[in-house]
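*Asks:* Input: one structure, supplied below.
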Amino acid sequence: MAKDIAFSPALLSKLILEEDLERAKGAKPSSSQVNTLFKDTNLITDGQLATEVMFASLKDNVYGHVSDWIKHSYGQVCVLNRSYFGR
C-alpha cells in the first residue's frame, strides 16, 4: 500500500496504528504510546496489525528499525574513533 502512494512504509504503519488506537479507545493516543507500540509490536493486541507494523518497519530503508540500528552503530563507531585517535 505504501508503495502505491509513494510513502514510507514505517510512517504509514505508524499512522494506521495511531488510527486503530484512536478507534479502539475513542480518544487520540499519546505519541509516546504509539512509539512504544511501534518499537515493540508484541504489545499490539491485534495480531494481524502487529505483524503488518513489524514487516513495514523492517522493509523501510529510511525510517525503519534497520536504518535506526545502522545509524546507532555508525554513531558508536564515530565515538570509538574519537576516543581511540584522540580527536
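*Asks:* Note down all Cβ pairs under 9 Å where the first residue falls in the stretch 30-42 and is in contact (Cβ under 8 Å) with a residue 24 or more places away in the chain and within 10 Å of Lys14 (Cβ to Cβ), the second is part of a helix (DSSP H, G or I) and of a type in the set (A, V, I, L, M), and they're at least six residues apart or on different chains.
*Replies:* From residues that are in contact (Cβ under 8 Å) with a residue 24 or more places away in the chain and within 10 Å of Lys14 (Cβ to Cβ), the pairs are Phe38/Ala10; Phe38/Leu17; Phe38/Val53.
*Asks:* If you scan the stretch 19-43, which residues turn out to be within 16 Å of the chain's Cα centre (by Cα) and small (Gly, Ala, Ser)?
*Replies:* Correct list: Ser30, Ser31, Ser32.
*Asks:* Let me ask another. Among residues belonging to the stretch 12-27 that are under 22 Å from Val62 (Cβ atoms) and of a type in the set (D, E, K, R), point out the one that is surrounded by the most Cβ atoms within 10 Å (Cβ to Cβ).
*Replies:* Lys14
*Asks:* Here is a follow-up. When you check Ser30 against the structure, is it surrounded by 10 or more Cβ atoms within 10 Å (Cβ to Cβ), of a type in the set (Gly, Ala, Ser) and at pLDDT 85 or above, yes or no?
*Replies:* yes
The values are calculated or read from the model by the stated rules, or taken from the named source; none is laboratory data. Note that this is a predicted model, so its numbers are computed, not measured. Cβ atoms come from the backbone with ideal geometry, glycine included; neighbour counts cover every protein chain shown.
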